[in-house]
1. Based on this model, can you work out whether Arg363 counts as under 29 Å from Ser70 (Cβ atoms), without any contact (Cβ under 8 Å) to a residue 40 or more places away in the chain and either crowded, with 20+ Cβ neighbours inside 10 Å or touching a strand residue (DSSP E or B) at 6+ places or on another chain (Cβ under 8 Å) (or both)?
2. Being of a type in the set (Asp, Glu) and either part of a strand (DSSP E or B) or buried (at least 19 other Cβ atoms within 10 Å of the Cβ) (or both) is the requirement here; does Asp122 meet it?
3. Out of all the residues in segment 147-169, is one or more within 30 Å of Lys342 (Cα to Cα) and surrounded by fewer than 18 Cβ atoms within 10 Å (Cβ to Cβ)?
4. Please specify each residue of segment 310-322 satisfying the condition of being at pLDDT 95 or above and not hydrophobic (A, V, I, L, M, F, W, C).
5. Looking at segment 172-203, which of its residues are among the aliphatic types (A, V, I, L, M) and either within 16 Å of Ala146 (Cβ to Cβ) or touching a strand residue (DSSP E or B) at 6+ places or on another chain (Cβ under 6 Å) (or both)?
6. If I ask for residues that are part of a helix (DSSP H, G or I), of a type outside the set (Lys, Arg), surrounded by 14 or more Cβ atoms within 10 Å (Cβ to Cβ) and modelled with pLDDT of 75 or more, which ones from segment 21-56 would you list?
7. Inside segment 311-348, can you point out the residues that are within 20 Å of Asp248 (Cα to Cα), in a strand (DSSP E or B) and not aliphatic (A, V, I, L, M)?
8. Looking only at residues that are at pLDDT below 95 and hydrophobic (A, V, I, L, M, F, W, C) in segment 100-129, which one is farthest from Asp299 (Cα to Cα)?
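The values are calculated or read from the model by the stated rules, or taken from the named source; none is laboratory data. The shown structure was predicted, so the numbers you read here are calculated from the model rather than taken from an experiment. Every residue, glycine among them, receives a Cβ derived from its backbone with ideal geometry; neighbour counts consider all protein chains shown.
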Amino acid sequence: MNRIFTISVAIFIHTGILFGQEKDTLGFIGRFQKQNNIRIEEGKMAITPLLGPSYTPEMSLTLAGGSMISFLTNRNDSLIQRSSAPVTLGLSVTGAYFFSTKLSSYWRQDKFRIFADIWLKDMPDHYWGVGYENAYTVPKSDTTTAYNRNWWMINPKFLWQFKKNLFLGISVDANSTTVTEPNIRMQEDPYYMEYGDHNTNVGAGIILRYDSRDVPVNAWDGYYLDIEAMFYSDALGSDNNYQAYSIDYRMYKNIIREGSTLAFTAKTRLSYNDVPYAELSQLGTPFDLRGYTWGQYRDKSLVYFIGEFRHTFLNGSGELSNHGMAVWLGTGSIAERFVEFKSWIPSMGFGYRLQVQPRMNVRFDFGIGRETSGIYFSLNEAF
């Protein structure tokens, strides 16, 4: 069985939360936690730093860190919720590194929202080829799948609310991949050779979104439907001309009691024309079918379904604590065309949740796939 290990021991510098303490008995940690809670109540910016070692077979021993940053764009606006920008970064003893952040911000009585994903990494990666058969039959090794990838991506989205819970927006995506040390099999792969060691892609598109979630970064109730069409063109500076269309549906329902949530998501992504290997639709990310190597399953089209139960424990006083758990079950498929989905892969697992700010979690997940498994450390929920 292949395993994707991401073992993290986080030192929660900010977290008296970890022990459920609000008293000053924890010294610096307790005072820091108390001051952060006061800042949140006053509508000020709050920062929860995280730091600890991690290990993956690809990156070796890594110093991983990050922070949960939350803020109000206008402290006098009662119709907006707290914006957030979780940040993660890591530096390996081998010299590999990564950085990512995911901004979710709310403006002008929630009539305007800005989201942004930013990634930068230079680290070992794996490429099995395109299609289900390659992903399932090619063994993972230094000579068959491993290579080094330098990749960056900037993807801002701007949405305007034109009716209650309905948003119309635009998306801009710029990304670049440079491959170094490709393995022998990659150099013989027709799809990889067609696009070469370096490509930059630039696209723009439109978004139609319905969003009635109570708290988007950790919803307990509500619905979400996102329809997006992206167009990449040399007229925008892209090396490749292709299109990508996606439909993302999510449902959240409180069951049993508050803090006990049944979540469900179904997503499909279809891409057409000259799609480079790095931008094909991919399964196995920390945000969908956990338990696989990111990008092991890739093709022009994907679909997946996930059901997840999330439960927050009660403390000794019968109130919601800062600790919780999650279990999930899902399945997905890839194919060149939408009508060709036929081979499905499973995903299941469980995880621990630690609330580091109100309705903002750190999650530790153990995912199980088909003959693979993985341990994940991330900020906020998978979906």
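1. Considered against the rule, which asks whether it is under 29 Å from Ser70 (Cβ atoms), without any contact (Cβ under 8 Å) to a residue 40 or more places away in the chain and either crowded, with 20+ Cβ neighbours inside 10 Å or touching a strand residue (DSSP E or B) at 6+ places or on another chain (Cβ under 8 Å) (or both), Arg363 comes out as yes.
2. yes
3. no
4. Hits for segment 310-322 are Arg310, His311, Thr312.
5. Scanning segment 172-203 gives Val172, Ala174, Val179, Ile184, Met186, Val202.
6. Hits for segment 21-56 are Asn36, Asn37, Ile40.
7. Passing the criteria: Trp328, Gly330, Thr331, Gly332, Ser333, Trp344, Pro346, Ser347.
8. Among residues in segment 100-129 that are at pLDDT below 95 and hydrophobic (A, V, I, L, M, F, W, C), the one farthest from Asp299 (Cα to Cα) is Met123.
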